[in-house]
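Notes to accompany the following structure.
Derivation of every value follows stated rules applied to the coordinates shown; laboratory data play no part. The model shown is predicted, which means the values in this text are computed figures rather than measured ones. Note: ideal-geometry Cβ built from the backbone for every residue, glycine included; neighbour counts use all protein chains shown.
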Amino acid sequence: LVAAGINELNNSETVSELAKGIRSVADKFEVSVIGGDLSKSEKMTLSITALGELSAQPILRSGGRVGDIIYLSSLTGLSAAGLAILNRDLDRPRYVVEAHLNPKLVAPDKLIKVATSMCDVSDGLATDAAHLANASAVNFNLSKDLISKADDFKDLAELAKELNEDVFDWILTGGEDHFFLATVDKKNESSELGIKIGIVEKGDGKLLLDGIEIKESGYQHF
């Protein structure tokens, strides 16, 4: 379902390109646009609602257990790096700019099969990890050492240094990364599941980084 508010400055070419973009993504993921609403607005607005059905039991946020391994489907922070580049009126390196402007969604098929709890991290890794920890009534202890072993970390860290930014700020609080965070029973631990970034510990819903509590940060809806 697509609802759009169009103002007088949005010419037919803009609206046509918008429709083509929606159609291309819908075709890619084999979904149909079945309707919505179109109205006049002072500013251009766009709201998209996706509906679907589950073919299996849902993976809840509340399933994390003490001893579980914490996985990321891909390294976060690339979108934040892309935004930092654009805010400086630059356009290189292109791969981080594209990560911000045109993020790629890769379904974590193997992770889904073994996850005990799971959510996306589009609001920022720290924010969403705190949500999982709170829902599961455990502590999440993330590790800088484990995170730094990710394939993209070295290049991202070098870019952050060039821009006088903190790479872990990008990774933990940047947001707009369309990846997934999950907990997995230790018996199912595998490098094929993604990036191992920490462990679930006994606690009451706190988020830790190398054993030190970090406050929830990232995008807040309210």
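Let me know the shape class of region 147-222, please: from the alpha-carbon gyration tensor, a ≥ b ≥ c as square roots of the eigenvalues, rounded when a/c is under 1.5, otherwise prolate if a/b is greater than b/c, or oblate. Taking the square roots of the gyration eigenvalues as a ≥ b ≥ c, region 147-222 is oblate.
A simple rule links phi to the HN-Hα coupling: the Karplus curve 6.51 cos²θ - 1.76 cosθ + 1.60 with θ = phi - 60°, which for region 56-63 gives 8, 5, x, 8, 8, 6, 8, x Hz, with x for Gly and Pro. A cut-off of 5 Å between modelled amide H atoms, ignoring neighbours fewer than 5 places along the same chain, links Gly67 with Val200, Glu201. Residue by residue, region 132-147 carries 3J(HN,Hα) couplings of 5, 4, 5, 5, 8, 6, 9, 9, 9, 10, 8, 10, 4, 4, 5, 4 Hz when phi is fed to the Karplus relation 6.51 cos²θ - 1.76 cosθ + 1.60 (θ = phi - 60°); x denotes Gly or Pro. Taking the centroid of alpha carbons for each part, region 150-222 and region 59-123 are 9 Å apart.
Can you give the FRET efficiency for Glu13 and Thr49, using 1/(1 + (r/R0)^6), R0 = 25 Å, r = Cβ-Cβ distance, to the nearest 0.05? Rounded to the nearest 0.05, the efficiency is 0.45. Taking 0.36 nm per residue of separation and subtracting the Cα-Cα distance, full extension of the segment from Asp120 to Ile22 would add 33.1 nm. Stretching the chain fully between Asp91 and Val33 yields a gain of 17.6 nm (0.36 nm per residue, less the alpha carbon separation).
Write out the GluC sites (Glu not before Pro) in region 4-52 meeting two conditions: DSSP loop, and at most 12 other Cβ atoms within 10 Å of their Cβ.
Details: sites: Glu8, Glu13, Glu17, Glu30, Glu42; in loops: Glu8, Glu30, Glu42.
Taking region 4-52 and a limit of 12 other Cβ atoms within 10 Å, the loop GluC sites (Glu not before Pro) found are Glu8, Glu30, Glu42.
Computed from backbone phi with θ = phi - 60° and the Karplus coefficients 6.51, -1.76 and 1.60, the 3J(HN,Hα) list for region 101-107 is 7, 9, x, 9, 9, 10, 5 Hz; x is used for glycine and proline. Just tell me which lysines come within less than 22 Å, Cα to Cα, of Lys161; anything on the same chain fewer than 8 places away is out. Cα-Cα hits under 22 Å: Lys144, Lys149.
Here the simple spin-label model places points 7 Å from the Cα toward Cβ, and for Glu201 and Ser62 these points are separated by 2.5 nm.
Restriction of the trypsin sites (Lys or Arg not before Pro) in region 122-222 to DSSP coil positions whose beta-carbon has at most 14 other beta-carbons within 10 angstrom yields Lys149, Lys202, Lys215. How high is the FRET efficiency between Lys110 and Asn164 when r is their beta carbon distance and R₀ equals 25 Å, given to the nearest 0.05? So, using R0 = 25 Å, E works out to roughly 0.10.
Summing +1 for each Lys or Arg and -1 for each Asp or Glu among the other residues whose beta-carbon sits under 10 angstrom from that of Glu8 gives 0.
Compute the long axis of helix 78-87 from its Cα atoms, compare it with the longest principal axis of the Cα atoms of the chain, and write down the angle in degrees, 0 to 90, nearest 10. Taking the Cα atoms of the chain, the angle to 78-87 is about 50 degrees.
Checking the a/c ratio against 1.5 first, then a/b against b/c, what shape does the Cα gyration tensor give for region 61-213? Mind dumping the intermediate values first?
Details: a/c = 2.07, a/b = 1.72, b/c = 1.20.
The shape class here is prolate.
Counting beta carbons within 10 Å around each of Arg61, Arg92 and listing the fewest first gives the order Arg92, Arg61.
The residues packed around Pro108, meaning those with a beta-carbon under 12 Å from its beta-carbon, carry a net charge of -1 if Lys and Arg are +1 and Asp and Glu are -1.
Between rounded, prolate and oblate, where does region 1-122 land on the alpha carbon gyration tensor, with a ≥ b ≥ c its root eigenvalues, rounded for a/c under 1.5, else prolate if a/b exceeds b/c?
Oblate, since a/c reaches 1.5 and b/c is not below a/b.
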